[in-house]
1. At a probe of 1.4 Å, how much accessible area disappears from chains B and A on forming the pair, both sides counted, to the nearest 100 Å²?
2. Which of B:K99/B:K299; A:K98/A:K299; B:K100/B:K476; A:K299/B:K99 have a Cα-Cα distance over 21 Å?
3. Spelling out what I want: for every residue of segment A:113-121, take phi, set θ = phi - 60°, compute 6.51 cos²θ - 1.76 cosθ + 1.60 (Karplus), and round to whole Hz; glycine and proline get x.
4. Enumerate the calculated ³J(HN,Hα) couplings along segment B:204-215 in order (Karplus 6.51 cos²θ - 1.76 cosθ + 1.60, θ = phi - 60°), each rounded to whole Hz, writing x wherever the residue is Gly or Pro.
5. Through the Karplus equation 6.51 cos²θ - 1.76 cosθ + 1.60, θ set to phi - 60°, convert the phi angles of segment B:345-357 into ³J(HN,Hα) values in whole Hz; use x for Gly and Pro.
6. Report, for B:T227, each distance to the same residue's label point in the other copies, shortest first and in nm; define the point 7 Å along Cα→Cβ.
7. Report the Cα centroid-to-centroid distance between segment A:180-194 and segment A:120-149 in angstrom, as an integer.
8. From the label point of B:I205, set 7 Å along Cα to the beta carbon, how far off in nm is each other copy's matching point, shortest first?
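The values are calculated or read from the model by the stated rules, or taken from the named source; none is laboratory data. Just so you know, these numbers come straight off a predicted model, no measurement behind them. Here the Cβ positions follow ideal geometry from the backbone for every residue, glycine too, while neighbour counts run over all protein chains shown. Note: areas computed on protein heavy atoms with side chains; ligands, DNA, RNA excluded. Shrake-Rupley method; radii C 1.70, N 1.55, O 1.52, S 1.80 Å.
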Protein chains: 2
Amino acid sequence: MTRLLPVQDSSSFLSTTTIIALTVFFTLLCACIVIGHLLEENRWANESITSLLLGLISGVVVLLVTKFHSSKILVFSENLFFLYLLPPIIFNAGFQVKKKQFFQNFTTILLFGVFGSMISFCLISLGAFLLFKRIGITSLSMQDYLAVGAILSATDSVCTLQVLSQDDTPFLYSIVFGEGVVNDATSIVLFNAVQSLDLGSINAITALKLLGTFLYLFFTSTALGITVGFLSAYIIKTLYFGRHSTDREVALMMLMAYCSYMVAELLNLSGILTIFFCGIVMSHYTWHNVTESSRVTTKHSFATISFIAETFIFLYVGMDALDIDKWKSSNASLGTSIAVSSTLFALVLIGRAAFVFPISNCTNCIKRRESTQIQFRSQFIIWWAGLMRGAVTIALTYNQVFGSITKPLIEAVKLKHAKPAISDETDSPSFEDLRLLFLENGDPNDQGNNQRGPWQSSFRLLISNPTSTVHYFWRKFDDKFMRPVFGGRGFVPFVPGSPSGAADEIS
Amino acid sequence: MTRLLPVQDSSSFLSTTTIIALTVFFTLLCACIVIGHLLEENRWANESITSLLLGLISGVVVLLVTKFHSSKILVFSENLFFLYLLPPIIFNAGFQVKKKQFFQNFTTILLFGVFGSMISFCLISLGAFLLFKRIGITSLSMQDYLAVGAILSATDSVCTLQVLSQDDTPFLYSIVFGEGVVNDATSIVLFNAVQSLDLGSINAITALKLLGTFLYLFFTSTALGITVGFLSAYIIKTLYFGRHSTDREVALMMLMAYCSYMVAELLNLSGILTIFFCGIVMSHYTWHNVTESSRVTTKHSFATISFIAETFIFLYVGMDALDIDKWKSSNASLGTSIAVSSTLFALVLIGRAAFVFPISNCTNCIKRRESTQIQFRSQFIIWWAGLMRGAVTIALTYNQVFGSITKPLIEAVKLKHAKPAISDETDSPSFEDLRLLFLENGDPNDQGNNQRGPWQSSFRLLISNPTSTVHYFWRKFDDKFMRPVFGGRGFVPFVPGSPSGAADEIS
């Protein structure tokens, strides 16, 4: 193959530094996976901690090799993170999320993600404003304090993925991770508000405006993601790509999901919310319209890409921690640095406690059935696991400390109690209700014995247990109107093609 | 999720132009796939032509929108092509190549790739040197002519993939594509030679030196790829990743393959040869050591990534064709441009003819059995399909013209003859020989009837049909020594896990 290059310089046609950087980075990624796998049994280690440590070590090595000029091998912009690493992680989370669990706790998630963040934002801003003066920092404006509050009030969904396991603790995972996703919309609203609002005249109307902006952002982002998801389902179902090639189906799913994120960012919406819901719709409809081998491929390749992106982020953060320029540019004394860090840390702790416990107890009052209530122990873990914040840079490093404590914490809480609050009990609470509903609505023979009309009893159930009822009607609607058009489980003719048959084609 | 950004500018934290460019590009990619799928039945169209045309059209649209300032949406460097798009394409080609077919024709491929390119290089350089003066171009030095020869003497493996189908014409595919891969090493040698050699003193010793450099480059690159492949097989077999996660296996295979390319480029070897052989070893050993779902996933995801990269290249080339700056920088008259183009075109035609037909006939003399010989019709297609050259830029556009003619050409040649020369006959030529060998070597009871010793008859067979014999001993060696260590078909305990079971986990 010809390399079209300026005739003058032939051997150096690829920038050598880029190649060195990529080689080192990809070799380290391989090492992370192998070492992480070997340490799998270890309670305190996982891939992300391995990646962080390996990143730190290689940072030190690079420092020594370059004689303390730089610890950075590759200079990554935030673009790399927000354009290429974050979308696959969030998409995969949406694609693999246990949908029933997620939507059962949707009100709680929304409350945490919206009002929780607002409460946290107010407390942290106010606390920083009051306390920083005592430490001796006077150069910050009111807007800076608000920005600090906005930055620190959002949790980090990538960290949550590392710390809470969907299989072990589905309930906690759905709450804390869901909060992180909804947070993204909240933080955009808060940021724009902090930048543009006239701070002198904050009143009830401004607050309502903020809520309005949030609702607009939330619903448009969600709608965009859902629309793209449906579009992909419809295209693949109608054109029947599998007839010709599995690769095209998989490519189309990947590209359309990525498109949804990009379009959302282009329209200044929340790309994270969009691609998350796109993933949910794709797993509910599109995934059932593709061939069997496409199903296996998408399930695992999305997870793999997400896994590589996560490992990459942690590896980079480990390297980045030693960045000399960053340390040089901060000319504060050690004492002040520690004081600022610990103040912020305390504020984050308090800010999160100030909404997790009240909101949990509020929802407990509404949800009467004990199995769907949030026990105190679960509240504690939600509080703790959600403390992780900050996205790409050092923040992630220090937060990882929490991450490594959370896993043993969950173990401890679990072990201490014979019947833990965080068990899977909540996974199937609505079966009884569904049976009841089915009997009351679906079987006309029973109508006579039942004095109330079916809708009345539905309404009674809706009051006593809203989520199950919503779920029931959603399923009816889904089966009758959505699945026939967009495909989905049970609505696509079974294709007897076969991953195992396809797998044997390579020899 | 928090977006760590400078507090000053919040809304524009992602560069808007990048987002617009990515959105347009990924939307176009989706459109290419859908339109390419719809046009599948059409004889003259395929994804690459669709991509080229869509690229052209969007180039025109961008030209109109920007009022003739630029047709480029994204400015891609050659780095993007050589670092990110080419490796997955070549790796996938190696991973999916029909290994038996490829190695059966290996000598022919090597002859084409090495001596063919050399012959072509000499003829084109000489022709350009003699003819360009008549057109009126006098500004080029001897080195420029040699560089032109080196650039135009290599075929383009990406184009070959588009034009020849491995399933329809396995023999032609393996020859032309294999030539393209081997070419990469030749072109590196030629380039370096053109740059560094003292041109005044070209003699037999210089030519031998060149051959030596090629052999060094070829064997080190191949060895590197094979080593990385074996390493991946050994790691995955020993550590048994599948026990914990399919995703890690897939990630490790992807990352190690990419590493092999990067290390080769770092050591100034031929990355294309390296990753191609890495793909071959991985499909022969590693692929059999992973879980069933990993097999399906790798097979399809590698193909998908390669497919996206190819579509991307053609789309970009289509857009790039309208690049105004490029046209502006060429200040030659229209007449001269046409004269130069047609001269070069003629030289490429002649240069390729000058080695395809002689080398084919030479190998025909050595291979006595008719089924392995290269018929004249096949020679013609090899000559024609290999005319495509140039890599990323405009070259690819005008070469696509050949591509669109080659498919109907093959059809025509096929239809004209009831028993085509390019049939799959060559696919299983060695069965009879293998049976003979097996009887003679493997069955001691027949020894008495057979007057010659087994090694004598093997030697006779080696003379009369070298590839089958090599293949037979390779299989013996492989089964006895390689597969027990590195795994491979039949040497890994069957895991009753199952793609279909795994596929049902998502709900």
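1. Approximately 9200 Å² gets buried when B meets A.
2. Details: B:K99/B:K299 15 Å; A:K98/A:K299 14 Å; B:K100/B:K476 15 Å; A:K299/B:K99 29 Å.
Checking Cα-Cα distances, A:K299/B:K99 exceed 21 Å.
3. x, 9, 6, x, 4, 4, 4, 4, 4
4. Computed from phi, the couplings for segment B:204-215 are 4, 5, 4, 4, 5, 4, 4, 4, x, 4, 4, 4 Hz.
5. Per residue, the Karplus-derived 3J(HN,Hα) values read 4, 4, 5, 5, 4, 5, x, 6, 4, 5, 10, 4, 6 Hz.
6. 5.4
7. If you average the Cα positions of each part, the centres end up 19 Å apart.
8. 9.3
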